[in-house]
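Working notes for the structure below.
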Amino acid sequence: MTELQTRILEIFKAVSSICEEEGLRYFAIGGTCLGAVRHHGFIPWDDDMDIAMPIDDFLRFLDIAGSRLPAHLSLIGSHNRRYFNQMFFKVIDNRTTAIEVLDVPYKEAYKGIWIDIMPICSFPSQKALERFIPQDTFLWTGNFFLRFGVPKKPTLIKDITCNCYRFPALVRDFRFYSRLWLKKLKKNGFHRDGVTGYVWSPGHLEAFQIPAAWFADTVLMDFEDTQMRCPSGWDGFLKAMFGNYMDFPPTEQRNSGHMLAKVDLEHSYKDYQNGLLKIN
């Protein structure tokens, strides 16, 4: 492991401990699940970790995380961060810094290294999932445009479109839409039948749909010096997501996909927020 991965694994162990003690279900997903299967640990070039929780367990974790996490870890999301435009949450290490390129102008968005925690729910059919895509997706995406402003090379059409998106965000901030989305997920619930998908990313539900039965149970897999719960249908899940998942990608594609402007494992992101340290 790299030093960064070692520190991320420490965050996971703290979260996993809470889940085991409280009987909360979680599943390794995405590249984290692939890493567990193919590498028995991190994909060598990965720089984060993704786990998903059925919506009821997810909401329970949100309730207790503040009192159960070690003092150096924090749960962040739209409930306590103004510039947080994602429908999932992160547990971060406050002693470290991991600043994404798009966050550089927004000091409130600075954070430490993290693991992502995603909510999942299920639907009785693919059509039901597709109908679930909310009409207010248009509204909450306005927060993205409000945050990052107009295009660098605006045209009349781009300017009009951008400001149409920005207006709803002036009326309702992202926290409103995040709470609304979680409420919808809770109402739908998580069941073994039907389908699930990228329900932590409204507007992309149609992009990835898989049988909920693959998440009906968990299997423990070795992950570095610990163990991690993966979905019982991990083979079908990984084939759906990556195809021939045991094959390594071409060298030029071996990257995490994250655009990080600054990673500092020795200093807190708060030092960068307060101007005590500079990104460059």
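List of remarks:
- For the range 177-280, taking the reciprocal of the average inverse distance between every pair of different Cα atoms yields a Kirkwood hydrodynamic radius of 17.8 Å.
- Distance from the range 207-280 to the range 63-88 (C-alpha centre basis), Å: 19 Å
- Computed E for THR2/SER125 - FRET, C-beta separation, R0 35 angstrom, nearest 0.05: 0.25
- To put it simply, the accessible area of the range 194-280 at a 1.4 Å probe is 48 percent carbon and sulfur.
- Spatially proximal aspartates and glutamates relative to LYS239 (Cα-Cα < 12 Å; intrachain offsets below 8 disregarded): ASP247
- Compared with the direct C-alpha span, the chain from ILE64 to THR251 gains 63.2 nm at full extension, assuming 0.36 nm per residue.
- Carbon/sulfur fraction of accessible area - the range 78-129, other protein chains in place, 1.4 Å, %: 54 percent
- Average accessible surface area per residue within the range 60-106, 1.4 Å rolling probe, Å²: 42 Å²
- Label point distance in nm, ARG192-VAL219, each placed 7 Å from Cα along Cα→Cβ: 1.7 nm
- Computed FRET value (nearest 0.05) for PHE132 with VAL263, which takes r as the C-beta separation and R₀ as 51 Å: 0.90
- Linear extension gain, GLU100 paired with LEU180, 0.36 nm per residue minus alpha-carbon span: 26.2 nm
- Highest average packing first - 241-254, 42-55, Cβ atoms within 10 Å: 42-55, 241-254
- Counted charge near GLY30, where neighbours are those whose Cβ lies closer than 11 Å (Asp, Glu -1; Lys, Arg +1): -4
The values are calculated or read from the model by the stated rules, or taken from the named source; none is laboratory data. Since this is a predicted model, take the numbers as computed values, not measurements. FYI the Cβ positions are ideal-geometry reconstructions off the backbone, even for glycines, and counts take in every protein chain you see. Surface accessibility is based on the protein's heavy atoms, side chains included, excluding ligands, DNA and RNA. Shrake-Rupley method; radii C 1.70, N 1.55, O 1.52, S 1.80 Å.
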